[in-house]
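For reference, the structure is listed below as structure tokens.
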Amino acid sequence: MAKRIDVKDLNIYYGDFHAVKDVTMTIEPRSVTAFIGPSGCGKSTVLRTLNRMHEIIPGAYVKGTVEMGGKDLYSKDTDPVDVRRRVGMVFQRPNPFPTMSIRENVLAGLRLNSKRLSKSAADELVESSLRGANLWQEVKDRLDRPGSGLSGGQQQRLCIARAIAVQPEVILMDEPCSALDPISTLAIEDLINELKEEYTVVIVTHNMQQAARVSDRTAFFNLEATGLPGELVEMNDTRIIFSNPHKTATEDYISGRFG
Amino acid sequence: MSTQALRRRRLDDIEGVELNPVRASSNRAFQVLAALAVIAAAVLRLAGVNLALAAVGSYLAFVVLVHLVYRVRNGGRVAADKTAKAVLYGTFIVAIVPLVSLLGTVIASGGATAVNPDYLLTSMRGVTGVHDRATVEEGAPLIGGAYHAIIGTLIITGLAALISVPIGLFTAVFLVEYRSKGRLATAIRFLVDVMTGIPSIVAGLFAFALWAVLFGVGTKNGFSGAVALSVLMIPTVVRSAEEMLRIVPNELREAALALGVPKWRTIVRVVLPTAASGLAAGVTLAIARVVGETAPLLVAVGVTQGINVNPGDGPMNTLAVYAYNLFKYPRNPGYPDPSLDRAWAAAFLLILVVVLLNLSARLIARFFAPKTTG
């Protein structure tokens with residue numbers, strides 16, 4: 001089910017503001033790709049174009065193509081809702097639905113899409129998704145409790161369970177650990193390693209050690225000055241990016257000389 | 001050494017620094033002065049001074065004395081504190097006296113009549129001055145009640161809510177979810193604000209005129225009243241619903257959209273339920289605001305003495321109009337007391353309805369509120 005994503009000459013605009021310039025990259029299936037770079041360089045923006053979430057900001061639009069498994073996500077006959085069903089997303093701050101229980105949160109993607117859902121299928125999905133998110137053991141006895149009663153790390157894993165319950169092909173994570181403590185971060189990182197067996201995972205992170213730990217490939221974004229569009233500086237195997245980058249800007253960033 | 005010295009030095013040891021005493025030594029003087037002020041007011045009153053003058057005069061003297069006493073005893077800072085306290089108590093009493101007095105008067109004058117089943121379950125049809133005279137002169141039981149007015153109030157306010165809640169909610173959803181910026185949104189917000197300021201009599205005249213155009217001049221019925229009330233209700237609903245929708249965290253919308261949920265369904269299934277408690281409370285308070293309207297209903301609905309449960313057919317009665325009507329036109333001008341009793345009882349019922357609506361708004365808010373634990 002994992003798909004390969006090809007981004008070609010992608011330019012992203014917010015109204016008049018040119019946010020990201022000329023990004024061309026390939027994201028391999030069943031692997032973890034990390035986006036790193038200083039704040040404001042457009043890495044989150046690029047991530048959000050992969051499931052057309054940036055469109056909810058009024059005035060945002062893109063030029064260029066994003067193909068997933070050979071199909072253009074931005075062609076006229078593609079529905080953004082359909083794209084988002086196939087490309088799941090986990091956000092920086094854990095955001096379980098406060099009106100729903102743990103179980104309802106996991107099923108939210110299916111219930112809200114009003115598909116018919118039998119009780120047995122729902123039970124099976126809740127368990128498999130929560131197991132997939134390494135949360136089952138902790139919450140199996142309190143599935144009917146509110147999701148917002150969990151700890152921050154548990155909430156974030158609940159959000160991951162919610163994302164994988166709709167059986168996406170790709171999972172995007174926008175700084176999923178930046179609001180979590182080190183133990184919860186470790187749990188999420190272990191989970192990312194397991195998720196890549198089945199899904200294509202793309203993760204934005206400010207933490208370079210995290211990128212080095214979890215990702216197979218790393219893309220470094222940078223911007224020349226405030227107000228100028230961000231761009232992709234270099235993308236390669238994580239090992240190479242962190243040991244022998246081809247560009248000096250990359251080396252400066254990962255060695256802590258700036259940023 | 002020098003840092004040691006700096007650290008050990010206290011603020012009031014420094015030349016030229018003089019600290020105000022922070023804490024009041026006691027509250028005794030304040031209490032004594034307050035008691036004296038009350039006594040002074042009572043004495044002045046007994047000496048024949050106007051009540052308001054006595055109260056205001058002794059209160060002002062109390063504030064000044066509190067300030068002077070504490071300034072002399074404890075310094076400026078404590079004096080300011082105690083003076084502020086005296087002013088706060090004063091304004092609190094000014095705010096609370098009319099409310100308590102009003103509630104007390106209404107309960108004392110109308111409470112007994114209002115809980116009488118005869119009053120609650122009969123209308124005024126066929127009740128004439130003869131009956132009222134019999135009540136006063138021969139001690140016959142008070143006949144004629146507010147049943148028709150209670151029914152009318154419920155029907156007309158209910159219809160007004162049915163009209164305004166959907167319109168108000170949809171407007172708020174449009175303003176928050178679909179077009180939060182731009183000329184159209186600004187225009188709508190401006191118009192809603194203007195609508196908030198419409199005098200209620202103008203809303204009544206609008207409904208009256210609309211019905212004159214649609215159904216012929218002089219057509220008065222319950223629907224017309226509901227339209228008049230909804231003109232008053234819609235802006236309140238829009239404003240409160242807009243505030244409530246705005247505080248729904250954007251992350252929840254993003255979470256739903258990222259699951260591949262269409263926007264309209266995100267609004268229906270995630271945004272509205274999350275805001276449900278605030279929305280319900282806002283709607284209830286909007287209803288409470290219009291339930292006591294008199295003027296627009298007098299114009300648009302008219303008055304009737306009998307039971308009319310059909311809002312499409314002719315005048316109805318409502319509690320506020322009922323009270324006004326009996327006060328202004330007693331059944332028997334020679335013996336107005338029974339009519340005034342009925343009017344007081346209607347006022348009592350109206351206040352009761354508003355209190356119940358406010359309480360239910362709180363209950364609804366608690367019932368719908370997102371649960372965080374257990």
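Nothing in this text is a laboratory measurement; each read-out follows from the coordinates by a stated rule. Only a predicted model underlies this, so the values are computations on that prediction, with no experimental measurement involved. Don't worry about glycine lacking a Cβ; one is built from the backbone with ideal geometry, like all the others, and counts go over all protein chains shown.
Using only the alpha-carbon atoms of chain A as identical scatterers, what base-10 log of I(q)/I(0) does the Debye formula give at q = 0.08, 0.15, 0.16, 0.17 Å⁻¹? Those come out to -0.31, -1.08, -1.21, -1.33, one per q.
Let me know the shape class of the stretch B:88-201, please: from the alpha-carbon gyration tensor, a ≥ b ≥ c as square roots of the eigenvalues, rounded when a/c is under 1.5, otherwise prolate if a/b is greater than b/c, or oblate.
Working: a/c = 3.79, a/b = 1.85, b/c = 2.05.
Oblate, because a/c is 1.5 or more while a/b does not exceed b/c.
Most exposed first by the Cβ proxy, i.e. fewest other Cβ within 10 Å, how do B:Leu229, B:Leu349 rank? All intermediate terms of the calculation are to be shown ahead of the outcome.
Values: B:Leu229 32, B:Leu349 25.
Arranged by neighbour count, lowest to highest, B:Leu229, B:Leu349 become B:Leu349, B:Leu229.
Other residues with beta-carbon under 15 Å from the beta-carbon of B:Gly334 carry, at +1 per Lys or Arg and -1 per Asp or Glu, a net charge of -2.
Model label sites at B:Leu99 and A:Asn207, defined 7 Å from Cα along the beta-carbon direction, differ in position by 5.1 nm. Of the peptides B:115-123, B:295-303, A:73-81, the order by per-residue mean of other Cβ atoms within 10 Å, starting with the highest, comes out as B:295-303, B:115-123, A:73-81.
Per-residue Karplus couplings for the stretch B:85-94, computed as 6.51 cos²θ - 1.76 cosθ + 1.60 with θ equal to phi - 60°, are listed in order as 4, 4, 5, 4, 4, x, 5, 4, 5, 4 Hz, Gly and Pro entered as x. Of the three principal axes defined by the Cα atoms of the stretch A:133-207, the extents in descending order read 31, 27, 16 Å. Placing a pseudo-label 7 Å from each Cα along the Cα-to-Cβ vector at B:Thr196 and A:Lys247 gives an inter-label distance of 5.1 nm.
Over 29 Å between Cα atoms: which of A:Lys21/A:Lys247; A:Lys76/B:Lys263; A:Lys8/B:Lys181; A:Lys3/B:Lys263; A:Lys43/A:Lys76; A:Lys140/A:Lys196 fall into that group? It would help to have the intermediate numbers written out before the result.
Numbers: A:Lys21/A:Lys247 18 Å; A:Lys76/B:Lys263 19 Å; A:Lys8/B:Lys181 33 Å; A:Lys3/B:Lys263 26 Å; A:Lys43/A:Lys76 25 Å; A:Lys140/A:Lys196 24 Å.
Those over the limit are A:Lys8/B:Lys181.
FRET efficiency for the pair B:Val268 and A:Arg142, taken as 1/(1 + (r/R0)^6) with r the Cβ-Cβ distance and R0 = 25 Å, rounds to 0.35. The 3J(HN,Hα) values that the Karplus relation (6.51, -1.76, 1.60; θ = phi - 60°) gives for the stretch B:124-134 are, in residue order, 9, 5, x, 7, 10, x, 4, 5, 5, 5, 4 Hz. Gly and Pro appear as x.
Working note: Debye formula, equal point scatterers on the alpha-carbon atoms of the stretch A:38-147, no solvent; log10 I(q)/I(0) at q = 0.10, 0.13, 0.19, 0.21 Å⁻¹ is -0.41, -0.66, -1.08, -1.17.
The stretch B:154-187 and the stretch B:60-120 have Cα centres spaced 39 Å apart.
Annotation: peptides B:318-324, B:336-342, ranked by per-residue average of other Cβ atoms within 10 Å with the highest first, follow the order B:318-324, B:336-342.
Counting other beta carbons within 10 Å of each Cβ, put A:Arg157, A:Arg131 in order, fewest first. Please report the intermediate quantities before stating the final value.
Numbers: A:Arg157 28, A:Arg131 13.
If I rank by nearby Cβ atoms, fewest first, I get A:Arg131, A:Arg157.
Using a Förster distance of 35 Å, how high is the FRET efficiency between B:Glu137 and B:Val115, based on the Cβ-Cβ distance and rounded to 0.05? Once rounded, the FRET efficiency stands at 0.90. The per residue volume of the convex hull around the alpha-carbon atoms of the stretch B:147-368 is 128 Å³. A simple spin-label model places the labels of B:Ala108 and A:Leu186 7.4 nm from each other, with each point 7 Å out along Cα-to-Cβ.
For the pair B:Ala185 and A:Arg131, what calculated FRET efficiency results from E = 1/(1 + (r/R0)^6), where r is the Cβ-Cβ distance and R0 = 56 Å, to the nearest 0.05? Could you put the intermediate results ahead of the total?
Numbers: r = 46 Å, r/R0 = 0.82.
Taking R0 as 56 Å, the efficiency between A:Arg131 and B:Ala185 is 0.75.
For the stretch A:106-127 versus the stretch A:18-67, the spacing of their alpha-carbon centroids is 30 Å.
Test of understanding: express the Cα radius of gyration of chain B as a ratio to 2.2 N^0.38 Å, with N the residue count.
On the way: Rg = 29.3 Å, N = 374, 2.2 N^0.38 = 20.9 Å.
Its radius of gyration relative to the 2.2 N^0.38 Å reference: 1.40.
Note on chain B: with a GNM built from Cα contacts shorter than 10 Å, the maximum mean-square fluctuation among B:Gly197, B:Gly104, B:Gly129 falls on B:Gly197. Close amide H contacts of B:Thr122 (hydrogens built in the peptide plane, cut-off under 5 Å, sequence separation of 5 or more or a different chain): B:Gly145, B:Ala146, B:Tyr147. Exposure proxy for B:Tyr335, A:Tyr253, B:Tyr89, B:Tyr59: other Cβ atoms within 10 Å of each Cβ, ordered fewest to most, give B:Tyr89, B:Tyr335, B:Tyr59, A:Tyr253.
Return the inverse of the average 1/r over all pairs of distinct C-alpha atoms in the protein assembly as shown, which is the Kirkwood hydrodynamic radius, in Å to one decimal. Don't skip to the answer; put the middle values down first.
Numbers: mean 1/r = 0.0323 Å⁻¹.
For the protein assembly as shown, inverting the mean 1/r across all distinct Cα pairs yields 31.0 Å.
In the protein assembly as shown, the calculated helix contribution to ellipticity at 222 nm averages -18000 deg cm²/dmol per residue, counting -39,500 (n - 2.57) for every DSSP H run with n ≥ 4.
Would you work out if the stretch A:109-259 is rounded, prolate or oblate? Take a ≥ b ≥ c from the square roots of the eigenvalues of the alpha-carbon gyration tensor; rounded if a/c is under 1.5, else prolate when a/b is larger than b/c, oblate otherwise.
Numbers: a/c = 2.49, a/b = 2.21, b/c = 1.13.
Prolate, because a/c is 1.5 or more and a/b exceeds b/c.
Taking amide H atoms as placed 1.01 Å from N in the peptide plane, the amide H of A:Ala19 lies under 5 Å from those of A:Ile12, A:Tyr13, A:Tyr14, each 5 or more residues away in sequence or on another chain. Compared with the rule-of-thumb size 2.2 N^0.38 Å for a compact globular protein, the stretch B:2-112 has a Cα radius of gyration ratio of 1.64. In the stretch A:171-259, the C-alpha radius of gyration followed by the widest Cα-Cα span (Dmax) gives 13.8, 39 angstrom. Annotation for the stretch A:166-223 versus the stretch B:197-252: alpha-carbon center distance of 52 Å.
Mind checking the alpha-carbon convex hull of the stretch B:184-255 and giving the volume per residue in Å³? Numbers along the way, then the final one.
Details: hull volume 8.8 nm³, N = 72.
It is 122 Å³ per residue.
A cut-off of 5 Å between modelled amide H atoms, ignoring neighbours fewer than 5 places along the same chain, links A:Met173 with A:Val90, A:Val202, A:Ile203, A:Val204.
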